[in-house]
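Notes follow once the structure below has been shown.
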Amino acid sequence: MINIAICDDSAKDRENIRRYVSGYFESNPHNYQASEFEKGEDLLAEYMDELRVFDIIFMDIFMSGENGMQISKKIRQYSENVKIIFMSTSPEFALESYDVFAFGYLLKPLDHEKLRTLLDKYIKEVEANEKSLTINIKGRIHNIRYADIVYLESKNTAVIIHTLDKERYKIYDKLDNIELRLENRRFLRCHQSYIVNMDHVSSVDTEFRTKTDDRVLIRKRSLREIREKYYKYILDKMEW
């Protein structure tokens, strides 16, 4: 079930979004549920009171009370994964939306083609997250979801797979072989001994810092190129 929140102080705009989302999912196999919020504070309360979490939030920026950007920054304290799509009559907050890792920034009146592109991209991510890496450890088969892999590390004759829940899976194989099996652009070979999942990077300078607070080395001679690949990946994830 995909949970969607529509937060806008205009009843007409909320209805327009709801109607379009309904039409989109009529031709899509995924189930969804949409909830409407007139005030950002009411949406935030859902997170603060641990009542519900959402997969996608359509967030108007100019609302009474706190604006959509302020509310989104607070929601990010509760959820790193929710996809926030801003809607506004002005591009004024477009750059600031990077601070909350916005999934998109749409100008009103909404362009339905751009909206469809964002929903298509989200569905592709959902389906990609269902993919997994199958490994064999001492005769036992493990299926590790791509979305759960933070980084892979080569040590001597083994590869160690580090996951979000801090588990470590050790297999005896070459990192080159595992790289060929990870057919997904989220994975970046950043060092002879490391592959990082860019979805789980929190910062980058001369090395990657992951959301699990680990450090992943970057080849010094390729530092600029690798950082550019990471930045491009992040920018490509945002549709304007």
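Throughout, read-outs are computed from the coordinates displayed, never taken from laboratory work. For clarity, every value in this text was computed on a predicted model and none was experimentally measured. Ideal geometry is used to build each Cβ from the backbone, glycine not excepted, and the neighbour counts take in all protein chains shown.
Worth a mention:
- Residue among D120, D199, D49 with the largest mean-square fluctuation in a Gaussian network model of the chain, springs linking Cα atoms under 10 Å: D49
- When log10 I(q)/I(0) by the Debye sum over Cα atoms at q = 0.11, 0.13, 0.14, 0.17 Å⁻¹ is calculated for this entry, the matching label among (1) -0.71, -0.89, -0.97, -1.19; (2) -0.65, -0.87, -0.97, -1.24; (3) -0.57, -0.81, -0.95, -1.38 is (2).
- Entries of K174/K220; K74/K121; K83/K138; K73/K229; K83/K170 with Cα pairs more than 30 Å apart: K83/K138; K83/K170
- For R145, the residues whose amide H sits under 5 Å from its own are L133, ignoring neighbours fewer than 5 places away on the same chain, with H placed 1.01 Å from N.
- GNM flexibility winner over the chain from I171, I149, I71 (Cα, springs under 10 Å): I171
- Linear extension gain, T89 paired with H112, 0.36 nm per residue minus alpha-carbon span: 6.8 nm
- Rounded, prolate or oblate (a/c below 1.5 giving rounded, otherwise prolate when a/b exceeds b/c) for segment 2-129 by Cα gyration tensor: rounded
- Three-way shape call for segment 125-240 based on the alpha-carbon gyration tensor, with the a/c threshold at 1.5: oblate
- Relative contact order %, segment 2-100, counting alpha carbon pairs below 8 Å whose residues are six or more apart: 30
- Rounded to 5, the percent of DSSP beta bridges in segment 6-162 classed as antiparallel: 45
- In terms of its C-alpha gyration tensor, segment 102-161 has a prolate overall shape, because the principal axis ratio a/c (a ≥ b ≥ c, square roots of the eigenvalues) is not below 1.5 and a/b outweighs b/c.
- The residue list I4, V204, I161 was ranked by how far each Cα lies along the charge dipole of the chain toward its positive end, using unit charges on Cβ atoms, and I161 comes out on top.
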